[in-house]
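Trainee: Would you mind keeping the following structure in view while I ask a few things?
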Amino acid sequence: MTLAVVTLAAGKGSRMKSDLPKVLHKLAGKPMLAHVLQSAAQLPQARLHVVIGHGAEAVKEQITGFPVSWALQAEQKGTGHAVAMAMPEVAPDATVLVLYGDVPLIRTDTLQKLLDETHDGHALALLTVELADPTGYGRIVRDDAGNIQAIVEHKDASAEQHKIREVNTGILAVSARLLNEWLPKLSANNAQGEYYLTDIIAMAVDNGVAVRAIHPHDEHEVQGVNDRLQLAALERVYQRGLADELMRAGVSLADPARIDVRGSLKVGNDVVIDVGCVFEGEVVLEDGVHIGPYCVIKNSRIGAGTEVEAYSHLDAAVTADACHIGPYARLRPGADLHTGAKVGNFCEVKKSVIGTGSKVNHLTYIGDATIGRNANIGAGTITCNYDGVNKFKTEIGDEAFIGSNSSLVAPVSIGAGATVAAGSVVTKDVGATELAVARGKQRNVEGWQRPQKKS
């Protein structure tokens with residue numbers, strides 16, 4: 001069976017009050033449309049078709065990583081018209097699955113069950129759901145035997161039909177052969193003046209084609225996003241689902257409602273995550289990692305037994321085991337901490353190696369540097385790595401001691417076991433075990449009178 005997944009993503013989304021096309025608004029750091037395509041792409045033999053309209057070029061630019069056939073709906077004339085725009089590129093023997101770019105939580109297994117109900121194109125399969133408040137949704141009209149007869153849109157429904165709680169999600173699967181027969185017969189003679197895809201249900205009944213329905217796991221899976229309130233609500237649903245998965249994997253979360261994962265978070269055993277943390281991109285937390293409150297960790301790997309204290313930011317950083325970071329530390333891309341290294345409060349590390357057991361504890365900037373084993377970098381130390389045009393390297397050897405408030409002007413090398421006196425500005429290499437003192441000589445003036453405030 002050839003499968004054509006047609007995702008409708010042409011609407012402006014005026015209720016979002018945004019210049020950004022609605023399907024590009026992000027859930028868990030990723031456009032809603034990308035969530036839909038990711039679920040669809042996991043179906044066997046799926047070929048992805050996306051119907052775009054408002055902000056078409058922006059959608060094409062931002063949705064990458066999927067082999068998509070794009071179809072343009074220049075005028076938004078309804079869902080039936082939108083699907084018709086994609087059909088010229090759909091194989092005539094395909095089964096067509098219709099999805100929506102603003103329904104981001106749809107699950108692959110639900111879609112597979114829906115496709116199974118088409119019986120290789122001999123039936124039309126619908127995804128329906130029962131809602132406590134079905135206002136605004138198309139109602140599923142069944143006969144006395146329970147067979148689906150039609151879908152009536154809310155604005156066209158009678159008072160009696162408004163009482164029906166089973167509603168249409170818009171998601172359906174049917175053969176391309178039948179779609180190509182029915183779509184040209186759609187009429188815009190309705191309250192919206194649009195070509196409703198749902199009108200093909202009545203055509204199926206008239207043609208003796210079985211109409212089958214399944215329900216999703218829960219109603220959140222098929223909820224669409226029309227405004228920012230609905231998007232925020234689905235964000236929390238999505239994040240709570242991820243939090244539950246993490247806890248089932250053995251993670252201790254201080255509060256499952258206060259974690260945000262915007263990518264992939266892989267965890268080992270006995271990981272502890274405090275409140276307010278954000279994980280972006282690809283993040284790995286190995287066994288026994290503790291993450292303090294309000295940390296932001298992006299595209300990083302944290303070694304076993306490492307503690308990251310509150311308000312620390314890590315971006316494309318790697319730590320070995322038993323490191324200690326923060327609070328208020330910033331590890332930028334290329335930060336590489338070896339076993340037992342420490343980077344403390346208000347320190348920034350960029351494109352640098354911090355060797356085994358070395359300490360960078362207070363108010364320090366380390367950039368483009370390599371620090372050996374068991375070195376101590378005093379408070380307020382700066383590696384001056386940039387001359388306004390080029391970057392230069394600083395080398396600090398094993399067991400070196402850098403006194404507080406020192407400036408190391410790169411390119412410069414500090415030898416193993418060397419000492420830099422506090423307050424020094426080092427511009428020349430320091431040999432192994434040497435003491436470097438590079439500061440003005442202190443002079444004490446006796447009888448010094450402080451300035452007096454003039455009356």
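The values are calculated or read from the model by the stated rules, or taken from the named source; none is laboratory data. Predicted model only: the values in this text are computed from it and were never measured. All Cβ positions, even for glycine, are placed from backbone atoms using ideal geometry, and neighbour counts span all protein chains on display. Only protein heavy atoms, including side chains, enter the accessible area calculation; ligands, DNA and RNA are left aside. Shrake-Rupley method; radii C 1.70, N 1.55, O 1.52, S 1.80 Å.
Trainee: With axes computed from alpha carbons, what is the tilt in degrees of helix 228-248 against the longest principal axis of the chain, rounded to the nearest 10 within 0 to 90?
Mentor: 70
Trainee: For residue 171, enumerate residues with amide H under 5 Å from its amide H, sequence gap 5+ or separate chain, H modeled in the peptide plane.
Mentor: Residues meeting the criterion, in which the H sits 1.01 Å from N, are 127.
Trainee: If one computes the Cα centroid of the stretch 345-395 and of the stretch 60-94, what distance in Å separates the two points?
Mentor: 52
Trainee: For residue 245 paired with residue 455, estimate the spin-label separation in nm (one decimal), with each label point 7 Å from Cα along the Cα-to-Cβ line.
Mentor: 7.8
Trainee: Could you give the size of the charge dipole of the chain about its Cα centre, using +1 on the Cβ of each K and R and -1 on the Cβ of each D and E, expressed in debye and rounded to the nearest 20?
Mentor: The dipole magnitude comes to about 2160 debye.
Trainee: Also, quick follow-up: Per the helix-only calculation at 222 nm, which mean residue ellipticity applies to the chain, given -39500 (n - 2.57) for every DSSP H run of n ≥ 4 and division by its residues, nearest 500 deg cm²/dmol?
Mentor: -4500 deg cm²/dmol
Trainee: Right, next: Between residue 66 and residue 109, what is the label-to-label distance in nm when each label sits 7 Å out along the Cα-to-Cβ direction?
Mentor: 2.2
Trainee: Okay, moving on. Among rounded, prolate and oblate, which fits the stretch 263-327 when a ≥ b ≥ c are the square roots of the eigenvalues of its C-alpha gyration tensor, a/c under 1.5 means rounded, and a/b larger than b/c means prolate?
Mentor: It comes out rounded by the Cα gyration axes.
Trainee: Please give the Cα centre distance for the stretch 154-188 versus the stretch 298-343, rounded to the nearest Å.
Mentor: Spelled out, the Cα-based centre of one part sits 54 Å from the other.
Trainee: With r as the distance between the Cβ atoms of residue 282 and residue 155 and R0 = 45 Å, compute the FRET efficiency 1/(1 + (r/R0)^6) and round to 0.05.
Mentor: Working from the Cβ atoms, E equals 0.50.
Trainee: Same structure, new question: For a test of the definition: using alpha carbon positions, the gyration tensor, and the 1.5 limit on a/c, classify the stretch 47-100 as rounded, prolate or oblate.
Mentor: Cα axes put the stretch 47-100 in the oblate bin.
Trainee: With θ set to phi - 60° and the Karplus curve 6.51 cos²θ - 1.76 cosθ + 1.60, what are the ³J(HN,Hα) couplings of the stretch 258-275 in order, to the nearest whole Hz, using x for Gly and Pro?
Mentor: 10, 8, 10, 10, 10, x, 10, 10, 9, 10, x, 7, 6, 7, 10, 10, 7, 6
Trainee: Give me the percent of DSSP beta bridges within the stretch 7-160 that run antiparallel, rounded to the nearest 5.
Mentor: On the way: 6 of 17 bridges.
Percent antiparallel among DSSP bridges in the stretch 7-160 is about 35.
Trainee: Could I ask something else about it? Taking 7 Å along the Cα-to-C-beta vector as the label spot, tell me the residue 296-residue 212 distance in nanometres, rounded to one decimal.
Mentor: Those two pseudo-labels are separated by 4.9 nm.
Trainee: Could you pull out which residues in the stretch 218-242 have an amide N less than 15 Å from a spot 7 Å beyond the Cα of residue 132, following the Cα-Cβ vector?
Mentor: Residues 219-220 fall inside that zone.
Trainee: Whole-Hz ³J(HN,Hα) for each residue in the stretch 347-360, computed from phi via Karplus 6.51 cos²θ - 1.76 cosθ + 1.60 with θ = phi - 60°, x for glycine and proline: what do you get?
Mentor: Result, rounded to whole Hz: 10, 10, 10, 9, 6, 9, 9, 9, x, 3, x, 7, 10, 10.
Trainee: A further question follows. By DSSP, what percent of the beta bridges with both residues in the chain are antiparallel, rounded to the nearest 5?
Mentor: Of those bridges, close to 15 percent are antiparallel.
Trainee: Give the shape of the stretch 343-383 as rounded, prolate or oblate, defined through the alpha-carbon gyration tensor: a ≥ b ≥ c are the square roots of its eigenvalues, a/c under 1.5 means rounded, and otherwise the shape is prolate if a/b is larger than b/c and oblate if not.
Mentor: Oblate, because a/c is 1.5 or more while a/b does not exceed b/c.
Trainee: What size of dipole, in debye to the nearest 20, comes out for the stretch 337-451 about its Cα centre when the only charges are +1 on Lys and Arg C-beta atoms and -1 on Asp and Glu C-beta atoms?
Mentor: Computed charge dipole of the stretch 337-451: roughly 260 debye.
Trainee: With every protein chain in place, what's the accessible area of residue 311 (1.4 Å probe, Å², nearest 10)?
Mentor: Approximately 100 Å² of residue 311 is accessible to the 1.4 Å probe.
Trainee: A follow-up question, please. Would you kindly find the accessible area of residue 336, with a 1.4 Å probe and non-protein molecules such as ligands, DNA and RNA excluded, rounding to the nearest 10 Å²?
Mentor: For residue 336, the solvent-accessible surface is approximately 50 Å².
Trainee: Hey, any idea what % of the chain's accessible area is carbon plus sulfur with a 1.4 Å probe?
Mentor: 48
Trainee: Probe of 1.4 angstrom, ligands and nucleic acids ignored: what's the accessible area per residue over the chain, in square angstrom?
Mentor: 48
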